[in-house]
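To keep things clear, I will list the structure first and then write my remarks on it.
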Amino acid sequence: MASQLLASTDLLNWRRHQLQRGGRAADLDWLLDLGAGVSRSVLQRLLLDPEGEETVPVQKSLSKLEKLWLRHLEYSQPLQHLVGVCPWRDLLLEVSHAALIPRQETEILVDLALAHAVKRPPRCWADLGTGSGAIAVSLCRAWPHSEGHAVDLSSGALSLAKRNLQALAPQHKCRIHRGSWWTPLRPSWGQIEMVISNPPYIPQPLMSGLDPVVRDHEPHIALVGGEDGLDAIRSLLADAPRALAPNGVLLLEHHYDQSERVRNLMLASGLVNVTAASDLEGVLRFALGQRDSRSVP
Ligand code: GLN
């Protein structure tokens with residue numbers, strides 16, 4: 001990307017002008033960082049010395065950046081869609097309209113999986129509803145010798161996941177499957193030792209009240225889990241006790257007020273050692289259950 005050198009005062013004036021139009025400084029600074037290579041630390045330095053005579057390399061013209069910012073302000077387009085990427089864990093993932101923009105809380109879902117398998121990586125794992133492939137890429141990098149499966153119903157999401165796998169885990173051993181939850185993995189049922197899923201879990205009645213950045217631009221198939229938000233989780237749990245390997249673990253993300261219901265659904269499906277884990281704000285957002293080693297499918 002060709003970069004131009006700008007006087008720091010020009011850049012700061014431009015930034016002030018854009019913020020007068022609206023939006024949040026944190027979002028504009030994110031755009032400067034991801035869209036034009038002006039990192040937070042450089043920007044912070046300029047802000048602390050606004051009269052300084054520094055020149056700064058900027059990888060996109062200010063007029064192009066301004067167009068992106070206006071699309072965000074006028075049409076609530078997610079900044080990640082406007083620049084085509086999203087930083088997540090140690091990755092810079094490609095994102096598109098085909099799948100959810102990976103969220104911060106889902107980084108913890110991966111941490112929980114890694115912590116659970118700290119003694120021994122699973123021989124075989126699956127990411128059900130992979131979307132952009134964020135989880136699958138992370139697991140491929142963490143467990144390079146394990147066999148992985150990434151499943152999604154959306155062919156657009158799978159193309160995106162494939163590109164992310166190729167770019168960020170080029171040696172990966174992850175197969176891509178199109179289909180619903182466990183169905184395309186039927187030949188591997190009984191052998192999958194770790195399954196991770198961030199399924200759609202938002203209750204339908206809440207959709208109209210969501211932030212337009214989410215509601216109007218992200219795929220509803222990846223967000224909405226029916227009337228109570230739990231449809232996808234019920235489907236996942238219906239087959240979990242047969243599809244997991246004995247002692248195999250299922251790790252789910254869910255909405256902020258679903259912990260007790262998800263744990264009860266896990267227990268009712270026959271999973272054991274059911275526990276909950278919280279996000280960085282202390283809200284229980286994850287549930288873990290295990291197939292009983294003695295259970296007969
Ligand atoms: N956490 C996401 C949101 O609130 C929803 C993710 C999901 O449904 N899996 O927008």
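Any chance you could check the Cα centroid distance between the range 142-181 and the range 56-88 for me, in angstrom? Cα centroid of the range 142-181 versus Cα centroid of the range 56-88: 28 Å apart.
Projecting the Cα atoms of 208, 78, 246 onto the charge dipole of the chain, computed from C-beta unit charges around the Cα centre, puts 246 farthest toward the positive end. Lys/Arg Cβ at +1, Asp/Glu Cβ at -1, dipole of the chain taken about the Cα centre: which of 48, 8, 272 is farthest positive-ward? Value: 272.
Suppose all protein chains stay in the model; what accessible area per residue would a 1.4 Å probe give for the chain, in Å²?
Ligands and nucleic acids excluded, the figure is 48 Å² per residue.
Residues whose amide H falls under 5 Å from that of residue 153, counting only those 5 or more places apart or on a different chain, are 179, with hydrogens built in the peptide plane.
In the range 189-297, what percent of the accessible surface is made up of carbon and sulfur (1.4 Å probe, ligands and nucleic acids excluded)?
Working: 2530 of 4800 Å².
Within the range 189-297, the accessible surface is 53 percent carbon and sulfur.
Which lysines have a Cα lying under 21 Å from the Cα of residue 162, excluding residues fewer than 8 positions away in the same chain? Correct list for residue 162: 173. How many angstrom separate the Cα center of the range 26-49 from the Cα center of the range 220-297? With the range 26-49 and the range 220-297 each reduced to a Cα centre, they are spaced 40 Å. Phi-derived couplings, Karplus 6.51 cos²θ - 1.76 cosθ + 1.60 at θ = phi - 60°, listed residue by residue for the range 39-49: 5, 4, 5, 5, 4, 4, 4, 5, 5, 6, 9 Hz, with x used for Gly and Pro. On the range 114-172, 54 percent of the accessible area sits on carbon and sulfur atoms, based on a 1.4 Å probe. Using the rule -39500 (n - 2.57) for each DSSP H run of four or more residues, divided by the residues of the chain, the 222 nm mean residue ellipticity is -12000 deg cm²/dmol.
In sequence order, the range 272-285 has phi-based couplings of 10, 6, 7, 9, 10, 9, 10, 7, 5, 8, x, 8, 5, 10 Hz under the Karplus curve 6.51 cos²θ - 1.76 cosθ + 1.60, θ = phi - 60°, and Gly or Pro positions carry x.
Each residue of the range 139-150 is assigned a 3J(HN,Hα), and the resulting list reads 5, 4, 6, 6, 10, x, 9, 7, 8, x, 9, 10 Hz, derived from the Karplus form 6.51 cos²θ - 1.76 cosθ + 1.60 (θ = phi - 60°), x at Gly and Pro. Note on the range 14-70: with neighbouring protein chains present and a 1.4 Å probe, carbon and sulfur make up 50 percent of its accessible heavy-atom surface. Partner lysines whose Cα lies under 25 Å from the Cα of residue 64, excluding those fewer than 8 positions away in the same chain, are not found.
Checking every one of the trypsin sites (Lys or Arg not before Pro) in the range 266-297 against DSSP loop status and a limit of 11 other Cβ atoms within 10 Å picks out 294. Near the amide H of residue 174, within less than 5 Å, lie the amide hydrogens of 148, all on another chain or at least 5 residues away, with H placed in the peptide plane. When the charge dipole of the chain is built from unit charges on Cβ atoms (+1 for Lys and Arg, -1 for Asp and Glu) and taken about the Cα centre, the candidate among 58, 96, 289 whose Cα reaches farthest toward its positive end is 289.
The values are calculated or read from the model by the stated rules, or taken from the named source; none is laboratory data. Everything quoted here is computed from the prediction, not taken from an experiment. All Cβ positions, glycine included, derive from the backbone under ideal geometry; neighbour counts span all protein chains shown. With ligands, DNA and RNA removed, areas are computed over all heavy atoms of the protein, side chains included. Shrake-Rupley method; radii C 1.70, N 1.55, O 1.52, S 1.80 Å.
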